[in-house]
């Protein structure tokens, strides 16, 4: 059976690392380190420099992933970038990454599913590899959320950060690879997590708005359901999972999912304390960290899950 095997993951974080106290002072936010930590588990985040964009960070993450995989850029025939903060309306951020990597063949496009974007992009790439439309793909999550935050909204602006993560997928015959992906959306809840307007709208701020308690409520139920869906589809049990690699939105949600799956804390990849919520970049950044320090071993079963604006949510089961 041809599967989409994840060969390696890479990441990139901007140099400007800002702790909670510094963030509050820099932007005049009426908050404290204790308040932020208690509600989210976040103690710092990285903020993009003026010249950094989703494409520049995505290209940097892709280079690291390719180097770790031992794959040259010339082998890549598909690039899919998940982002809610593209460099421009068009061309796609993915084609800018393609150019930055010196690739002149294949195809490239963006996927927009907010914080679930990487899982969506992974599902698309997996389908294309299984169908034969691509053989080697880069799947990237890259975000510059600092540019769409309302710095007067203390309940929201402290939760997000910037960065990019990438994985290299290759068609291989074997047991390792993506076992299945499971995607969902319900547009009835679009209002609880959204950006006000865009290029096709007028009279809007272009800033992120979130009803935190409502999002939290949906996250708890929907993530649990989509995790069970993935396990049932593959005839697996919670005890079979070796690693939980969740979207890094809130430590309480992450810890709750870990307990539900019966996983010890050391089997849950956590970066939210240092990266904050980097939206579509959060899962590949977490994978890049665990890949870099050798946590994932051949044969390990990874469970990826995320929920984001839309609402969108999804999961993926991966055999490393």
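General remarks:
- Restricting the first member to segment 189-203 and to residues that are farther than 17 Å from residue 312 by Cα, and the second to residues that are exposed (fewer than 10 other Cβ atoms within 10 Å of the Cβ), the beta-carbon pairs closer than 7 Å and six or more apart or on different chains are 199/89.
- Residue within segment 150-163 that is part of a helix (DSSP H, G or I), surrounded by fewer than 24 Cβ atoms within 10 Å (Cβ to Cβ) and without any contact (Cβ under 8 Å) to a residue 12 or more places away in the chain present: no
- In segment 276-290, the residues that are part of a helix (DSSP H, G or I) and crowded, with 24+ Cβ neighbours inside 10 Å: 279, 280, 281, 282, 283, 284, 285, 286, 287, 288
- The residues listed here are 215, 227; of these, the one that is surrounded by 15 or more Cβ atoms within 10 Å (Cβ to Cβ), in a helix (DSSP H, G or I) and in contact with a helix residue (DSSP H, G or I) (Cβ under 6 Å, 6 or more places away or on another chain) is 215.
- Residue in segment 60-81 that is closer than 21 Å to residue 198 by Cα, outside any helix (DSSP H, G or I), in contact with a strand residue (DSSP E or B) (Cβ under 9 Å, 6 or more places away or on another chain) and assigned by TED's automatic domain parsing to the domain that holds residue 143 present: yes
- Within segment 193-208, the residues that satisfy the criterion of being more than 16 Å from residue 113 (Cβ to Cβ) and surrounded by fewer than 16 Cβ atoms within 10 Å (Cβ to Cβ) are 196, 197, 199, 200, 201, 202, 203, 204, 205, 206.
- Residues in segment 230-256 that are outside any helix (DSSP H, G or I) and within 19 Å of the chain's Cα centre (by Cα): 243, 244, 245, 246, 247, 248, 249, 250.
Residues checked against (1) within 21 Å of the chain's Cα centre (by Cα); (2) over 22 Å from residue 2 (Cα atoms); (3) part of a loop (DSSP other than H, G, I, E, B):
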| position | (1), (2), (3) |
| --- | --- |
| 50 | no, yes, yes |
| 87 | yes, yes, yes |
| 122 | yes, no, no |
| 126 | yes, no, no |
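- Among all residues of segment 102-112, there is at least one that is within 18 Å of residue 178 (Cβ to Cβ) and either part of a helix (DSSP H, G or I) or under 20 Å from the mean Cα position of the chain (by Cα) (or both).
- Failed item, numbered, when residue 271 is tested on (1) touching a strand residue (DSSP E or B) at 6+ places or on another chain (Cβ under 8 Å); (2) within 22 Å of residue 138 (Cβ to Cβ); (3) crowded, with 24+ Cβ neighbours inside 10 Å: (1)
- The selection criterion, being in the same structural domain as residue 300 (by TED's automatic domain parsing), assigned to a helix (DSSP H, G or I) and over 25 Å from residue 297 (Cα atoms), does not hold for residue 259.
- All of (1) surrounded by fewer than 24 Cβ atoms within 10 Å (Cβ to Cβ); (2) over 25 Å from residue 18 (Cα atoms); (3) touching a strand residue (DSSP E or B) at 6+ places or on another chain (Cβ under 7 Å) hold for residue 315 with one exception: (1).
- Of all residues making up segment 292-312, the number that are more than 25 Å from residue 232 (Cα to Cα) and buried (at least 24 other Cβ atoms within 10 Å of the Cβ): 1
- For segment 84-115, filtered to residues that are out of contact with any strand residue (DSSP E or B) (no Cβ under 7 Å at 6 or more places or on another chain) and crowded, with 16+ Cβ neighbours inside 10 Å, the residue that is nearest to residue 135 (Cα to Cα) is 103.
The values are calculated or read from the model by the stated rules, or taken from the named source; none is laboratory data. Every value quoted in this text rests on a predicted model; they were computed, and no experiment measured them. Cβ atoms come from the backbone with ideal geometry, glycine included; neighbour counts cover every protein chain shown.
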